[in-house]
Structure formats: C-alpha cells, structure tokens
1. State the number of residues belonging to region A:1-37 that are of a type in the set (Val, Ile, Thr) and outside any strand (DSSP E or B).
2. Give just the number: which of (1) within 14 Å of chain B (Cβ to nearest Cβ); (2) touching a strand residue (DSSP E or B) at 6+ places or on another chain (Cβ under 6 Å) does A:Thr47 not satisfy?
3. Would you mind stating whether B:Val333 is within 23 Å of the chain's Cα centre (by Cα), assigned by TED's automatic domain parsing to the domain that holds B:Met165 and surrounded by fewer than 14 Cβ atoms within 10 Å (Cβ to Cβ)?
4. I'm trying to understand the selection: among the residues of region A:95-116, which are without any contact (Cβ under 8 Å) to a residue 40 or more places away in the chain, within 8 Å of chain B (Cβ to nearest Cβ) and part of a loop (DSSP other than H, G, I, E, B)?
5. Could you please tell me which pairs satisfy a Cβ distance under 8 Å, a separation of 6+ or placement on different chains, a first residue in region A:279-301 that is under 16 Å from A:Ala224 (Cα atoms), and a second residue that is surrounded by 18 or more Cβ atoms within 10 Å (Cβ to Cβ) and among the basic types (Lys, Arg)?
6. Kindly indicate whether any position in region A:279-287 is touching a helix residue (DSSP H, G or I) at 6+ places or on another chain (Cβ under 8 Å) and within 23 Å of A:Arg196 (Cα to Cα).
7. Restrict the check to region B:209-230 and report whether at least one residue is at pLDDT below 90 and either within 30 Å of A:Ala143 (Cβ to Cβ) or within 14 Å of chain A (Cβ to nearest Cβ) (or both).
8. Of the residues that make up region B:324-344, is at least one within 14 Å of chain A (Cβ to nearest Cβ) and either touching a strand residue (DSSP E or B) at 6+ places or on another chain (Cβ under 7 Å) or of a type outside the set (Val, Ile, Thr) (or both)?
Amino acid sequence: MPVDAVSCHGLKKSYPDVRAVDGLDLDVLAGECFGLLGPNGAGKTTTIEILEGLTRRDAGEVVVLGLTWEDHERELRERIGISLQETQLSEKLTVYETVRLFRSFYRSGPEPDALLRDLSLDEKRNARVGKLSGGQRQRLAAACALAGDPDILFLDEPTTGLDPQSRLQLWDVVARFRAKGGTVLLTTHYMEEAERLCDRIAIVDHGHRIALGTPKELIARLEAPNIIEFTSEPALPADTFEHLAGCHGCTRRGEAWQLRVDSLAEAVPQVIAAVERSGGRLRTLTTHAATLEDLFVSLTGRDLRDA
Amino acid sequence: MPEPVRPAIIELTVTRTKEFLRETEAIFWVFGFPLLLALALGFAFREKAPDRIPVAVAAGPQAAHDLAALRTSPALAPRILTAAAAEDALRHGKVSLIVARTGSLVYRYDPTAPDSRTARREADDALQRAAGRRDAVPAHDESMHEQGARYIDFLIPGLLGMNLMGTGMWGTGFTIANMRMKKLLKRLIATPMRKSEFVLAQFLSRLIFLVVEVTVLVAFGWVVFGVRVNGSIAALALISIVGGYAFSGLGLLTASRARTMEGVSGLMNLIMMPMWLCSGVFFSYERFPAAVQPLIRALPLTILNDALRAVMNDGAPLMHVAPALIYLAAWGVVTFAVALKIFRWM
C-alpha cells in the first residue's frame with residue numbers, strides 16, 4: 001500500500017498583509033524527493049512549516065505519514081527531521097555537543113559520532129558552532145535533522161547562500177538519505193538544485209501551484225527544448241518573429257526577447273534574417289537548452305531570482 | 001571517548017551550563033560584579049571616627065575663648081572667620097553653624113539640616129559648660145560596634161538577594177529571548193523535546209550557578225569583613241534556592257513573549273528597578289512612607305532580603321522564615337505556570 005508520505009489539500013494561510021498560501025494541493029510519495037520551487041515570497045516556507053506542524057493553517061487538510069498533527073504530534077516529531085531556513089544553533093556549543101543534544105530528544109537514532117562522519121563534520125567535532133563556515137553550519141543543521149533517524153526530511157532552502165562545493169556536499173547528504181529509503185521535501189529557489197535533486201517538482205507562485213511534474217515533464221511543457229535570447233537595436237515588436245517556423249512562443253525579459261524554439265540550427269538564422277529585414281541591428285544573441293527557469297519565465301513572465 | 005547520550009533533561013542542563021560558562025561577560029556579572037560592589041561599599045562604610053562637623057566662630061573679642069571651649073567637643077571642628085567670611089561659608093555649606101557674640105550668644109544655622117542641628121546642640125553644650133553649667137545627672141556614652149549590626153552586615157544579605165534576582169532574571173530571561181530571536185526555540189520544538197524539560201533544564205542549570213554564587217559571596221563577606229551567618233547554613237541555602245527559583249520564574253515570564261532583546265531588556269529593568277530601590281538592598285525600606293509599605297512588603301525581593309537577613313544577621317530558625325519560603329515558592333509556581341501558558345516559541 002503506497003501511502004503518501006505527505007499530502008495536503010486546499011491549504012490556505014493568510015497573514016495580516018499577505019495571502020501566503022492560497023489553496024495548495026501536494027502529494028509527496030514515500031521515497032521520493034519532492035521540491036517546492038518558487039521565487040522568494042511565493043509561500044514556500046509557509047507551506048513547508050505548515051506541513052512540519054510549526055505553523056497553523058487557516059484551511060485545508062494535512063496528513064503526514066498517514067497521521068495528523070492534531071492527533072499525533074509527538075509520534076510525528078519522532079519520525080520527521082527538519083532543517084529550518086534560518087536557525088542559528090548555539091554558537092557556544094561544539095559541533096559534537098550540539099548533535100548529542102538533538103540526539104537526546106529522540107527515542108532512537110544514530111550515534112552522534114556516526115552522524116558527524118556521515119556529514120563530513122568529524123574534523124570539526126570539537127569546534128564551536130560559532131567558528132563554522134556557512135556550508136559546515138548547513139551540514140550541522142542537516143545532522144540535527146537526521147539525529148532521530150527520520151522517515152521524512154524537510155529542508156527549507158538548504159543551500160541558499162552556499163558556495164558550489166558546499167552545495168554539492170549537501171546534495172550528497174540528500175542523495176545518501178534517499179538511498180536508505182528516506183523521503184525528502186525541500187524548498188528552493190535554485191532551479192538547478194530542483195532539477196538535480198528532485199524526482200518531482202511543484203512550481204509555486206503567490207501561494208498557488210502553477211506547475212507539477214518531473215523536471216523532464218516540466219521542461220517538455222515548454223514544447224521546445226531550446227531558448228534563444230537576443231537584444232536588437234531598435235527593440236522590435238513581437239510580431240517580427242513570433243511566427244517563425246519552429247518557434248513556440250516568446251517572452252519579453254527587460255530589453256531582451258526570449259524565444260522558445262525546436263531547433264537552434266533552424267531558428268537562429270531566421271531570427272537574424274528577421275532582424276535585418278526590419279532594418280534593425282542585432283546587439284546580443286545567446287542560446288541555451290531550456291531549463292525550469294525558462295518554464296517559470298514562460299508561466300509568469302518574471303525571473304525566479306528577482307520575481 | 002564518546003559517552004552514551006544521556007536523557008534529554010540532562011543534556012539540556014549540561015549544554016545550558018556549558019554555554020553559560022563560555023560566556024565571559026556573563027561570568028563577570030554573576031560572580032565579579034557583586035564582589036566588587038561588596039568590596040567598594042564595605043570599605044566606604046567601614047567603621048571610623050565620626051566626622052567632626054565644621055563650625056565657624058565669628059571673629060570678635062571672645063572668639064579665641066569660644067574656640068577653645070568648642071574644641072572640647074569631639075563632634076565639632078571649629079575655626080575663627082570674619083563675620084562676612086563666616087556667612088559665605090555657611091551659605092556654601094562649608095560650615096554647618098556660625099557662633100557669634102552680638103550682645104548675647106547667637107547661633108546661625110539651617111534648622112532643617114541634621115548636621116546643623118547637631119552642631120548647635122554640641123556647641124551650646126560646650127559653651128554652657130565652659131561658662132560653668134553642671135550636669136544635673138551624670139551620664140556617659142556607650143558606643144555600639146557589635147558584630148551583626150554594622151552596615152556591611154546589613155549589606156551582604158541585601159547583595160545576595162539582589163544577585164539572586166539579577167542572575168535569576170537575566171540568566172533565564174535573556175537566554176530565552178536570545179534563543180527565540182535566533183529561531184533556536186522554534187528549532188527545538190520541531191523535535192520531540194518536551195517543553196517542560198526545556199524549562200526545567202533552564203532552572204536546574206541556574207541552580208548550579210546559584211550554589212556557586214551564594215557560596216562565593218557569603219565566603220567573601222566572612223573572610224574580608226567578618227560577616228557571619230548566625231543562622232544555619234541549610235536555612236540560608238534553602239532560602240537562596242527558593243528565591244532563585246522565584247526569580248527564574250519571573251525571568252521566564254518576563255521573556256515569555258518578547259521578540260527582541262531590547263524589548264526584554266526594557267521589561268526586565270522595569271520589573272527589577274523598583275525592587276533594586278525599594279526592597280532594602282542598600283538601605284532599610286522602613287525609610288519609605290507608610291503608605292507604600294504594604295506594596296514594598298509584597299515585592300518578592302523584599303521578602304527574600306528579609307528572610308536572608310533574619311537567618312544571616314539574627315540567626316532566625318527555619319520555622320521563622322517558613323512563611324517567606326512559601327510566599328516565594330508561590331511566586332515561582334505562578335510565574336512558571338503563566339509563562340508556560342503564554343510562552344511564544346517562535
């Protein structure tokens with residue numbers, strides 16, 4: 001009986017100044033890595049904290065591991081591991097003391113030293129938390145989340161602000177947790193993180209789910225595997241090129257136009273020709289394979305990063 | 001090397017204690033500050049010959065004679081000044097009294113100033129005796145320097161009470177507010193940790209330091225100033241623990257909602273300041289008007305200070321301070337209960 005690890009329906013949450021979550025549905029399958037992708041302020045953190053039983057919802061249903069927060073809070077706390085977006089663990093304690101403390105809250109779980117080894121923190125065992133780098137702090141946060149040997153790991157923006165190497169190390173932690181059969185629910189505003197780590201992704205914006213699927217399915221929704229981005233002088237209207245053969249749509253991004261096309265080999269010469277025909281001059285032209293970022297742009301007309 | 005992980009209540013208490021020990025500034029405020037205060041005040045108010053009150057004798061034919069008569073009083077420091085200089089000196093508070101002869105003997109002074117009134121009495125006595133007055137009944141003075149009645153004997157229990165209040169409130173309240181600000185409280189309640197154990201650990205860790213700080217201050221008073229504990233050590237320990245518990249509860253309550261360190265600091269000061277001033281830390285609260293006495297006597301620090309003094313100075317038995325213990329324990333129970341009820345974990 002494949003139970004949903006996490007499911008919520010019709011989730012709503014408003015704050016005095018904003019409707020943070022507005023009727024969200026999610027079903028996270030046991031054993032999968034599920035990503036909530038969206039810009040800052042999309043309602044990702046509010047959503048994940050409702051699912052973690054930390055924030056009260058205004059409406060909707062939440063079931064985690066077949067249990068509800070209302071009736072089984074202690075049981076659920078034993079079985080999930082959480083890394084919050086901005087916890088500062090006590091700076092005066094050492095790495096080992098911190099992990100030991102968290103381990104003591106759970107009925108069962110790995111030895112603190114084994115956890116530190118798994119997270120490559122054994123060299124920092126006796127270092128004060130205050131002296132750790134950003135990447136080490138995030139791994140310590142992950143160690144605390146894993147201290148009770150959880151079935152589900154909730155990670156809120158686990159790699160925000162980390163350098164590429166630290167990010168890879170954390171991705172590795174997630175991969176190993178999943179290899180042991182764990183379920184992961186994470187939020188991120190990095191599309192490459194979502195693409196690399198997640199089996200399925202829900203793209204959220206303004207508290208709504210605007211797309212759901214595997215990374216491949218989502219990119220396929222663009223109906224075009226390639227993106228051409230260019231600027232011209234003078235700027236040209238959309239009808240100059242939106243009817244070119246193999247073009248599935250265009251979106252304005254600042255001064256630039258973004259075209260979603262089937263084949264670069266066919267489309268690029270057409271774009272150049274179209275610009276010349278209209279008497280303009282091409283200033284820049286770049287191409288790349290379509291990503292989730294492009295999907296977000298095509299769905300909302302805004303960038304993930306600065307939306 | 002790796003010991004097995006102990007129960008959460010012990011891990012919480014141990015980590016809290018280690019955190020505090022690694023906080024150098026906090027160590028100073030808990031241990032160093034009260035000792036410095038005791039040292040400074042103890043020396044400032046140590047016994048010495050009472051100051052002589054400066055008195056002016058207005059220059060004139062009888063001045064030298066009066067000067068000699070006034071010098072027989074141990075309370076006065078007379079000198080001869082011209083009439084104008086004497087007036088100036090009196091106005092500026094350099095002397096408390098002018099003795100002049102304008103026909104009769106004249107005393108010029110401010111009757112609202114206690115020093116001036118004393119000087120007038122002493123001067124009149126000395127001059128009348130020099131003129132031949134005899135005492136109707138012979139009398140002699142007995143000065144009191146009994147151990148247990150000096151200012152430092154009064155001060156040490158007061159400082160002890162003040163310290164129990166300060167460390168109980170700051171130690172608990174500040175830590176909690178800080179943890180809330182750093183979202184550490186939120187992270188903790190995302191685990192199966194029991195909230196009651198977390199709160200209990202705060203108090204247990206306070207208890208460890210309380211034992212140390214009380215011992216240090218009492219031993220210091222004993223060694224440096226000879227301040228004795230006339231009652232039982234056990235009674236003193238019990239009062240300190242119950243007092244520390246009451247103020248930990250008050251600290252927890254104060255910090256139960258505050259979102260910022262500024263907020264909690266302001267609230268702490270608002271609560272502690274009246275007790276600092278009114279609860280008889282540095283001087284007896286009997287000096288305040290009768291109308292506010294019931295209020296002052298209801299403050300937990302007043303009760304704690306009175307109980308500490310009863311045991312340390314008067315050697316009162318435990319039974320005598322039982323009502324105070326019950327009162328303080330009730331403060332602790334109520335503040336802890338209310339704090340847990342309204343506590344903001346995020």
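1. Final tally of qualifying residues: 1.
2. Unmet condition: (1).
3. So B:Val333 does not fit the description; no.
4. A:Glu111, the sole residue that qualifies.
5. Cβ pairs passing all conditions: A:Ala290/A:Arg260; A:Asp294/A:Arg260; A:Ser298/A:Arg260.
6. Yes: one or more hits.
7. The answer is yes, given that some residue of region B:209-230 is at pLDDT below 90 and either within 30 Å of A:Ala143 (Cβ to Cβ) or within 14 Å of chain A (Cβ to nearest Cβ) (or both).
8. Yes, region B:324-344 has at least one match.
The values are calculated or read from the model by the stated rules, or taken from the named source; none is laboratory data. Bear in mind that the values here come from a model prediction, so they are computed numbers and not experimental data. As a convention, Cβ positions derive from the backbone with ideal geometry for all residues, glycine included, and neighbour counts pool all protein chains shown.
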